[in-house]
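J.: Here it is, the structure in full.
What follows draws every value from the coordinates through simple rules; no lab data is involved. None of these values were measured; they are calculated from a predicted model. We place every Cβ from the backbone using ideal geometry, glycine too, and count neighbours over all the protein chains shown.
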Amino acid sequence: MSKAPDLVKRLLLGRALRSAQQHEQTLPKTIALPVFASDALSSVAYAPQEILIALGLAGLATYHFTPWVAGAVVVIMLTVVASYRQNVRAYTSGGGDFEVATTNLGGNAGIVVASALMVDYVLTVAVSVSSGIENLAALLHFLQPHKVLAALLIVAILTIMNLRGIRESGVAFAIPTYLFMFGVFLMLIWGFTRMAFGAHLRAATADMTVHGTAVGVSGFALVFLLLRAFSSGCAALTGVEAISNGVPAFRKPKGKNAAATLLALGLIAASMFGGIVALAYITKTKFGDPAMGTHILDRAGKEVSPDPVIAQVAHSVFSNFPLGFAYLTTMTALILVLAANTAFNGFPVLGSVLAQNRYLPRQLHTRGDRLAFSNGIIILGALAGVLIYAYDASVTSLIQLYIVGVFVSFTVSQTGMVRHWNRLLRTETDPAARRRMKMSRAINTFGGIVTAIVLIVVLITKFLLGAWIACVAMSLLFLMMRGIRRHYDRVAAELAVTGEDVALPSRNHAIVLVSKLHRPTMRALAYARATRPSTLEAVTVGVDPEESQKLQEEWDARELPVPLKILDSPYREITRPILEYVKSVRRRSPRDVVTVFLPEYVVGRWWEHLLHNQSALRLKTRLLFQPGVMVVSVPWQLASSDRLKGRQEPPAPGSVRRPYGPEQEVESEGTRAAGGIV
């Protein structure tokens, strides 16, 4: 390696991959499931207790609604999964909800969905990592005072792992996800088997009481409370949308494999969630959060802080097998940390699609050395780190900002899918196909209505608790993306080829800037003459009369075939006289072009940049804003630059890393019509 940073980069990320190796980075279903579903699967660790917290506001009186609320969540989960199976088959570019909304509801709806998803992805990383560290701190008490630092370290590790490439990070995260799934199903089988053989399982909180701030509710208040519990339990749905945004990462046939993975995710997550809630209800598990108005009191009336619901259930089930309890607790903490990996695979792909459609800077559409969307991964890690630091890795604070974005995307996406089916039904004549489309439309309609209700309830119940911050962030992202799109559209229109662009300029006036007569100046003069301009002259600024006189005498003595013009500068300025002279040449011949040749030093050490080329850089910057003026740098390599010869320079962002091929380069109709991103 020629540079130490290159060595560090290769040690962290591995060797660079060729674009032709892109197909090797796609994922089989067995790896895609843990990569894209770890967030949805891990949510079963905290979604049940969110239901109990909400129901506990009315005390024990409403705990008997737990199975019904959980059943409604499972129905919505399966409905959303069924709907997204239609999405991934119809839209395989990786745009997911954004593409569905843009195609069927218009550009503004697409930006709303995109801004909601991007906010939710950032929050997914912050919440998941903070929750994982919180669980680890319960086992490893020395982490308690260092939770923020530990969470930031985890985010950095996740960022580096994903920068190494989606396949490599997928393999690294697949094993813990499968171990967590094994642990949960082992607990369910163990618990129900013990009860089938007559065991009486009771949680440690079974004999405790629940005190809430809304005791004695009835009528509309009770309905509202149940809706709040339902919306809290819908945290189990977060992460379902990630697969629709990650379809390009699947092996072919992409749509079919993504749909199969979604089905597996839905069945596994619903079984795990339903099983945990059932065991929690049977064992009379109780849970409360004083910050949310629910308190757990022991027999003496003293308030206690119970363990998470999944830990209480595991303790009851594995009362005769302590190793099982330790295993599941450890895997739960680990999966909560790794759940952030879902966002690391969804956010960069979504950012790439948005950049491709000119809603975000085009640098987000380029792939890094390891064929991952590196810029998007780094931005996600940085934003999540800022949130963790700002909220001190507090799950209680961060969770209030959560799930607003995902339900915005659910609602808008399913509304778009209804219009998608309506459009297809207008031209479809086959009766069997029409029946399938009508069934799909009914599923999407039901899902859209229910998720809209959940979204309204979430906004009402969580707005003042922090959800307003997510709403403000989504609004700012919406305005930013609209502004970026307007800029790209304006530039594309400005740069569109017209008939005047093929006409040659009348003449080319060449000007070689001279500071003193030396070898760089002679090279610039020779190169300018070789271009055969209409007129050619050398120009210098006369700051010191004696120096100017000496330069003129040396110029004449060498009998150079280019006239030298000395510009007067009574105030010792260099840039202004040259600019005024170039403008005067342009005013005399507006149809002509002026080419300014600038000799520049090429140096090999960073500090040499401070000693050379400063006047040339300032002048070049000003000349670039002059219409009809071309600036040509004529390099002269100093001896120090020899040390850099043969060194492999890293590619600049966006220069050679843009993916190609039909499966990687999927452009929208709007982009094609505009001739691509400018």
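J.: May I ask you to list the trypsin sites (Lys or Arg not before Pro) in region 346-455 that are in a DSSP loop and have at most 11 other Cβ atoms within 10 Å of their Cβ?
T.: Sites meeting the loop and neighbour criteria: Arg426.
J.: In addition: Arg591 to Ser475: FRET efficiency via 1/(1 + (r/R0)^6), r the Cβ-Cβ distance, R0 60 Å, to the nearest 0.05?
T.: About 0.80, to the nearest 0.05.
J.: Taking only the C-alpha atoms, wrap a convex hull around region 356-496 and report its volume per residue in Å³ as a whole number.
T.: Residue-normalised Cα hull volume stands at 189 Å³.
J.: So what are the ³J(HN,Hα) numbers for region 229-239, from phi and the Karplus equation (6.51, -1.76, 1.60; θ = phi - 60°), rounded to whole Hz, Gly and Pro as x?
T.: 4, 5, 5, 5, x, 5, 4, 5, 8, 4, x
J.: Moving on to the next point. Convert each backbone phi in region 304-309 into a coupling constant with the Karplus relation 6.51 cos²θ - 1.76 cosθ + 1.60 (shift: θ = phi - 60°), then list the ³J(HN,Hα) values in order as whole Hz, x for Gly and Pro.
T.: 10, 10, x, 5, x, 4
J.: Thinking of region 461-612 as a set of Cα atoms, what percent of all their pairs are more than 22 Å apart?
T.: 63 percent
J.: Given R₀ = 51 Å, what would the calculated FRET efficiency be for Leu140 paired with Lys29, taking r from the Cβ atoms and rounding to 0.05?
T.: 0.90
J.: Shifting gears a bit: Pairs Lys147/Lys286; Lys583/Lys620; Lys516/Lys565; Lys29/Lys256; Lys29/Lys252: which are spaced more than 21 Å apart, C-alpha to C-alpha?
T.: Among Lys147/Lys286; Lys583/Lys620; Lys516/Lys565; Lys29/Lys256; Lys29/Lys252, the Cα-Cα distance tops 21 Å for Lys147/Lys286.
J.: Amide H to amide H under 5 Å from Val631: which residues, 5+ apart in sequence or cross-chain, H placed 1.01 Å off N in plane?
T.: Here Val596 satisfy the definition.
J.: Return the long-range amide H neighbours of Leu567 (sequence gap of 5 or more, or a different chain), with a cut-off of under 5 Å between placed amide H atoms.
T.: Thr540, Val541, Gly542
J.: So if each residue of separation counts as 0.36 nm, and I subtract the Cα-Cα distance between Arg486 and Ser271, what length gain in nm does that give?
T.: Extending this stretch completely gives an extra 72.7 nm.
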